[in-house]
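**Student:** What follows is a single structure, and I will ask about it in a moment.
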Amino acid sequence: MTPRAKSLIAVLLIAALGASGCATVRRINPFHGSTPKEVATEGDRISILSTDQKLEPTEALKGVDFALPPVEPVADWPLPGGTPEQAVGNISAAPDLSIAWRKGFGMGSKGGEFITAPPIMAAGKVFTLDAEATVSAHDARTGAELWRVFMRPNDNKRDREGFGGGLAYADGKLYMTSGFRLVAQIDASTGRVGWRARTEQPIHGAPTVYAGRVMTVALDNTLLTFDAATGAPGWTYQALSESARILAASSPAVSGDTVVAAFGSGELVALRTANGNDLWNEALSRASRTSALSEIRDIAGRPVIYQGDVFAISHSGVFAATDLRTGQARWSLPMVGITTPLPAGDVVYAVGADGKLICVSRDSGQIYWVHDMNTGYVAKKKGGFWGIGAHTVAKPLWTNPILVNNRLIIASSAGQLEALNAKTGAVERKVEIGAPVLIGPIAAGAMIYLVTDNAQLIALR
């Protein structure tokens with residue numbers, strides 16, 4: 001188990017006990033304004049399973065086939081979720097899953113610093129952000145480093161919330177957010193910094209760039225926007241305050257004139273991209289009498305817009321589909337998750353915090369199949385002396401999947417990458433990465449790229 005994985009679990013447990021003084025869960029509202037009221041939506045969410053039921057295949061769907069998108073090449077992956085909607089289809093890439101190269105890109109996760117940024121790929125380059133806010137560009141074919149720029153502000157060397165952030169690409173420019181209270185524009189060809197904008201709060205998630213606007217969520221549950229050309233601040237939206245959240249953070253999804261953002265409060269909010277006017281607000285949370293951790297309502301995975309619906313998972317135990325236009329509930333499942341769902345064709349895939357990967361009907365929320373990614377896992381004791389003081393090694397954490405060549409590609413904190421049949425969930429291939437992976441892979445230019453927790457950029461072809 002990696003330092004970051006251990007810290008994630010520790011943060012969850014500490015937060016459940018109400019230790020809001022911890023740097024990773026502390027919440028500060030710099031705006032001192034009134035909290036916006038929630039907007040009610042029409043209709044009630046249809047719960048497919050009651051809260052005490054297990055996620056199991058629906059009997060009526062046994063043996064029923066479903067459609068997947070056609071396999072197509074993807075040239076670039078310029079945003080954290082690949083596209084503004086954060087939905088990418090069935091990608092043609094790396095059929096053999098052989099490791100082509102691996103390159104170090106800086107400082108890995110250790111102590112209070114963590115790698116949280118997914119890599120992005122555009123214009124023949126792969127861009128990464130390490131645990132110390134160093135941005136680097138690599139040749140997408142060979143992995144050779146093209147440039148590197150250190151973006152950690154001099155006055156923030158001891159910032160305990162300075163980890164994380166992310167990258168996005170648009171029109172030849174790279175946009176960076178940072179836990180060191182910074183948003184910046186960098187020339188993607190040279191690494192030259194265009195502009196910097198300081199923020200009141202750390203930013204742990206990657207930005208989304210759309211129609212000349214940079215959008216990102218700060219630690220205090222504020223959606224911030226900036227002019228992509230100048231860095232001038234734009235409109236903001238303040239979600240409900242929340243005293244506890246987890247290390248990962250989300251990126252907004254955009255479709256047309258609507259942006260959908262997820263927050264640590266468990267709120268899923270749709271806004272006008274032009275002015276930030278709210279359209280609807282949905283709370284993805286539920287109370288549990290058996291788990292205090294359900295009080296952590298964070299939606300850490302990215303919301304995904306696909307075929308007119310929004311898909312998202314909360315740590316509080318709600319995996320939901322919501323109509324993008326009206327905010328009306330479609331269906332929900334009791335699933336605790338911290339990753340991004342994957343809608344594709346007739347179905348949606350999602351992996352829970354317990355390692356259960358499910359395939360769900362996109363229309364009804366009924367379950368086609370369930371695969372336990374930790375099947376065969378044997379609990380082990382580690383440390384201690386003659387068994388005294390030893391602790392049980394936690395089960396591996398799994399990233400969100402991507403769909404490549406009709407196979408689901410997913411990686412783990414145990415350093416494994418697996419390829420599963422997207423129709424059946426059967427494991428078809430396993431690849432030893434050799435280092436923990438806590439960030440979902442990307443696929444573009446016939447390659448699969450992933451970053452490890454010890455700051456290695458790995459390409460598979």
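**Student:** Can you find a residue in segment 194-204 that is open to solvent by 10 Å² or more (accessible area, probe 1.4 Å), aromatic (F, W, Y) and in contact (Cβ under 8 Å) with a residue 40 or more places away in the chain?
**Tutor:** No.
**Student:** If you don't mind, there's one more thing I want to ask. Please find, among A312, A353, A321, the residue that is assigned to a loop (DSSP other than H, G, I, E, B), without any contact (Cβ under 8 Å) to a residue 60 or more places away in the chain and of a type in the set (G, A, S).
**Tutor:** Within the list A312, A353, A321, the selection yields A353.
**Student:** So, one more: Got at least one residue in segment 76-92 being closer than 20 Å to T399 by Cβ, open to solvent by 50 Å² or more (accessible area, probe 1.4 Å) and not basic (K, R)? Break it down stepwise before answering.
**Tutor:** Going residue by residue through segment 76-92, those that are closer than 20 Å to T399 by Cβ are 77-83, 85-91.
So of that shortlist, the ones also open to solvent by 50 Å² or more (accessible area, probe 1.4 Å) come out as 85.
With the extra rule that they be not basic (K, R), the set shrinks to 85.
Scanning segment 76-92 turns up at least one residue that is closer than 20 Å to T399 by Cβ, open to solvent by 50 Å² or more (accessible area, probe 1.4 Å) and not basic (K, R).
**Student:** For C359, which of the numbered conditions (1) farther than 19 Å from L420 by Cβ; (2) crowded, with 24+ Cβ neighbours inside 10 Å fails to hold?
**Tutor:** The number of the failed condition is (1).
**Student:** Out of all the residues in segment 103-159, which are crowded, with 22+ Cβ neighbours inside 10 Å and on the phi > 0 side of the Ramachandran plot?
**Tutor:** Once the filter is applied, which keeps residues that are crowded, with 22+ Cβ neighbours inside 10 Å and on the phi > 0 side of the Ramachandran plot, segment 103-159 yields only A133.
**Student:** Any chance segment 242-264 includes a residue that's within 19 Å of T322 (Cα to Cα), modelled with pLDDT of 90 or more and over 21 Å from the mean Cα position of the chain (by Cα)? Let's see the steps before the verdict.
**Tutor:** Just the residues of segment 242-264 that are within 19 Å of T322 (Cα to Cα), to begin with: 250-264.
When the remaining residues are screened for being modelled with pLDDT of 90 or more, the result is 250-264.
Next, from what is left, pick out any that are over 21 Å from the mean Cα position of the chain (by Cα): 256-257.
Within segment 242-264, one or more residues are within 19 Å of T322 (Cα to Cα), modelled with pLDDT of 90 or more and over 21 Å from the mean Cα position of the chain (by Cα).
**Student:** In addition: Considering segment 176-193 alone, what residues qualify as being open to solvent by 10 Å² or more (accessible area, probe 1.4 Å) and within 21 Å of the chain's Cα centre (by Cα)?
**Tutor:** The answer is R181, and nothing else.
**Student:** Now for a separate question. If you check V209, V214, which single one turns out to be open to solvent by 10 Å² or more (accessible area, probe 1.4 Å), touching a strand residue (DSSP E or B) at 6+ places or on another chain (Cβ under 9 Å) and closer than 16 Å to A184 by Cβ?
**Tutor:** Values: V214 fails: open to solvent by 10 Å² or more (accessible area, probe 1.4 Å).
V209 is the lone residue from the list that is open to solvent by 10 Å² or more (accessible area, probe 1.4 Å), touching a strand residue (DSSP E or B) at 6+ places or on another chain (Cβ under 9 Å) and closer than 16 Å to A184 by Cβ.
**Student:** From the set of residues in segment 245-282 that are open to solvent by 10 Å² or more (accessible area, probe 1.4 Å) and among the aliphatic types (A, V, I, L, M), which is nearest to R302 (Cα to Cα)?
**Tutor:** Among residues in segment 245-282 that are open to solvent by 10 Å² or more (accessible area, probe 1.4 Å) and among the aliphatic types (A, V, I, L, M), the one nearest to R302 (Cα to Cα) is A249.
**Student:** Now, a different point. Going through segment 69-86 one residue at a time, which ones are among the acidic types (D, E) and part of a loop (DSSP other than H, G, I, E, B)? Break it down stepwise before answering.
**Tutor:** Taking segment 69-86 and keeping what is among the acidic types (D, E), we get 72, 76, 85.
Listed by number, the residues that qualify are D76, E85.
The values are calculated or read from the model by the stated rules, or taken from the named source; none is laboratory data. Since this is a predicted model, take the numbers as computed values, not measurements. Ideal geometry is used to build each Cβ from the backbone, glycine not excepted, and the neighbour counts take in all protein chains shown. These accessible areas exclude ligands, DNA and RNA; they are computed on the full protein's heavy atoms, side chains included. Shrake-Rupley method; radii C 1.70, N 1.55, O 1.52, S 1.80 Å.
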